[in-house]
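K.L.:
Structure provided below as structure tokens; questions to follow.
The values are calculated or read from the model by the stated rules, or taken from the named source; none is laboratory data. None of these values were measured; they are calculated from a predicted model. Positions of Cβ are generated from backbone atoms using ideal geometry, with glycine treated the same way; all protein chains shown enter the neighbour counts.
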There are 2 protein chains.
Amino acid sequence: MATKTELRRQELRDKLVIIAERTIAQDGLTALRARDLAGEAGCAVGAIYNVFGDLTDLALTVNARTFHRLGADVAEALANAPEDPVEQLVVMAQAYHAFAAQNHLSWRALFDIERAPGEAAPDWYLQEMGQLFTYISDPLAVIFPERDSAELALLTRALFSSVHGIVLLGLDEASAGVSTENIDHMIALVLRQFAASPK
Amino acid sequence: MATKTELRRQELRDKLVIIAERTIAQDGLTALRARDLAGEAGCAVGAIYNVFGDLTDLALTVNARTFHRLGADVAEALANAPEDPVEQLVVMAQAYHAFAAQNHLSWRALFDIERAPGEAAPDWYLQEMGQLFTYISDPLAVIFPERDSAELALLTRALFSSVHGIVLLGLDEASAGVSTENIDHMIALVLRQFAASPK
DNA sequence: TACCCTGTTGAACGCAGTTCAATGATATGT
DNA sequence: ACATATCATTGAACTGCGTTCAACAGGGTA
């Protein structure tokens, strides 16, 4: 048993994750460089590869944590939300927006790692995604009680994707000129309008 | 006057754009490599830099053409659409989806080039985007005649972003399991539900 | 034709991620 | 406690990328 070694590895692992997390948050995924990382962590470049398969593995680990924080924020928003299911959707979506705005580069990193074609998404990703979807589908089931679960699943995905799209393009300064308030406004507009329908 | 030289440059320019277009379409933006490009075009690597500032310039040129084709597809869909403004929105959004699906990597490249922070989006980008927005806001103005132009602009952006989000996440095989039909279904669901509201 | 000038070339540079032979530390058996 | 085998760690070196620039070649002009 390599107790001492395992401990050291665990420590290095933690240190690398923390540094990578800060680097990505401050300067984005592209600023994650092996040599800089090793320099900051006080280890050799090769040591990184003893602990992570490659830099993408490290970035994915950071992403898992980011996604978890995101989920926690949305959950908290839901916990403090009014009873009305439409308002619950709005509050959660705006929490999603707030998280994306306040953790812009970390949030971008969630989607900027390209998987090799055919490669499945990591487990934690699907799991966290499923959690988010549950938060959405519960109020939706109240709003649309007569729809079956397959339809609700589609509605859930459609609404999540819509909000994601609004936040994504809204935060992209390229197409410039969308204020935070306007993004929240668009979110509320789409969700309320969507749920207000008699059907 | 360097007529002969200018002609050669123009020819090289065209050749590079065509090769780059095919490369991006087949293997994505990351497959665009200076040496491969030079090899295929039968020129020196340095020659690329006589004609384009850098590879990003070339990729942006390809993007401009892709965006233009996209706009043309949407315009054609609108031209053949029924009179009903809601159906016009649906038809256009599904044309957007069809283009993205059939030109997946080229379409991805539109959004995968990261600009340096603070750098404005290119002119053609804003122009094509504006064109797309016009296609959307016209039917919207019919659907919501009492809204002022600022509100319509926000609605337009919100709907475009929503459809974009649905297509983006739908085509991402990672979250797997969204068929083409389901994507079209989600688009129609969101747009019809949105426009059906009495308000 | 001779000569300048400008377009073109591709080897070389800088900077990434990743590897692996050499080194050093650790755990085990006596 | 020591010797020794085993395994972790190191960082120089390798590969592959975009980009540059001194040297070269070929076209335009007198």
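K.L.:
State all residues of region B:150-199 that are hydroxyl-bearing (Ser, Thr, Tyr), within 17 Å of A:Val190 (Cα to Cα) and modelled with pLDDT under 95; if no residue qualifies, say none.
P.N.:
B:Ser197 - this is the single residue of region B:150-199 that is hydroxyl-bearing (Ser, Thr, Tyr), within 17 Å of A:Val190 (Cα to Cα) and modelled with pLDDT under 95.
K.L.:
Being exposed (fewer than 15 other Cβ atoms within 10 Å of the Cβ), assigned to a helix (DSSP H, G or I) and within 9 Å of DNA strand C (Cβ to nearest atom) is the filter here; which residues of region B:35-60 pass it?
P.N.:
Within region B:35-60, B:Arg35, B:Val45, B:Gly46, B:Tyr49, B:Asn50 qualify.
K.L.:
Still on this structure: Would you please list the contacts, defined by Cβ atoms under 7 Å and residues six or more apart or on different chains, that run from a residue in region A:42-56 that is at pLDDT 95 or above to a residue that is near DNA strand C (Cβ under 7 Å from one of its atoms)?
P.N.:
Close Cβ pairs satisfying both conditions: A:Val45/A:Ala34; A:Val45/A:Arg35; A:Ile48/A:Ala34; A:Leu55/A:Leu32; A:Leu55/A:Ala34.
K.L.:
Hey, another quick one. Quick one: which of A:Asn50, A:Asn80 is away from DNA strand D (no atom under 16 Å from the Cβ) and not aliphatic (A, V, I, L, M)? Let's see the steps before the verdict.
P.N.:
Working: A:Asn50 fails: away from DNA strand D (no atom under 16 Å from the Cβ).
The match here is A:Asn80.
K.L.:
Of all residues in region A:171-192, how many are among the small types (Gly, Ala, Ser) and at the interface with chain B (Cβ under 7 Å from one of its Cβ atoms)?
P.N.:
Step one: of region A:171-192, the residues among the small types (Gly, Ala, Ser) are A:174-177, A:179, A:188.
This time we only want the ones that are at the interface with chain B (Cβ under 7 Å from one of its Cβ atoms), so: A:174-175.
Of the residues in that region, 2 qualify.
K.L.:
Another question about this same structure. Which members of region B:73-118 meet the condition of being outside any helix (DSSP H, G or I) and over 10 Å from the mean Cα position of the chain (by Cα)? Before the answer, list the steps.
P.N.:
First, the residues of region B:73-118 that are outside any helix (DSSP H, G or I): B:80-84, B:103, B:113-118.
Across region B:73-118, the qualifying residues are B:Asn80, B:Ala81, B:Pro82, B:Glu83, B:Asp84, B:Ile113, B:Glu114, B:Arg115, B:Ala116, B:Pro117, B:Gly118.
K.L.:
Assuming B:Ala121 fulfils every condition listed in (1) within 17 Å of the chain's Cα centre (by Cα); (2) part of a helix (DSSP H, G or I); (3) more than 20 Å from B:Thr180 (Cβ to Cβ) apart from one, which condition is it?
P.N.:
Of the numbered conditions (1) within 17 Å of the chain's Cα centre (by Cα); (2) part of a helix (DSSP H, G or I); (3) more than 20 Å from B:Thr180 (Cβ to Cβ), the odd one out for B:Ala121 is (2).
K.L.:
For region A:105-124, give me each residue that is at pLDDT 90 or above and either within 13 Å of chain B (Cβ to nearest Cβ) or loosely packed, with under 14 Cβ neighbours inside 10 Å (or both).
P.N.:
Residues of region A:105-124 at pLDDT 90 or above: A:105-113.
Hits for region A:105-124 are A:Leu105, A:Arg108, A:Ala109, A:Leu110, A:Phe111, A:Asp112, A:Ile113.
K.L.:
Condition (residue is within 8 Å of DNA strand D (Cβ to nearest atom), in a helix (DSSP H, G or I), more than 15 Å from B:Leu105 (Cβ to Cβ) and touching a residue at least 12 places away in the same chain (Cβ under 8 Å)) applied to region B:14-22: is it met by at least one residue? Break it down stepwise before answering.
P.N.:
Within region B:14-22, the first condition is being within 8 Å of DNA strand D (Cβ to nearest atom), and the residues that meet it are none.
The answer is no, given that none of the residues of region B:14-22 is within 8 Å of DNA strand D (Cβ to nearest atom), in a helix (DSSP H, G or I), more than 15 Å from B:Leu105 (Cβ to Cβ) and touching a residue at least 12 places away in the same chain (Cβ under 8 Å).
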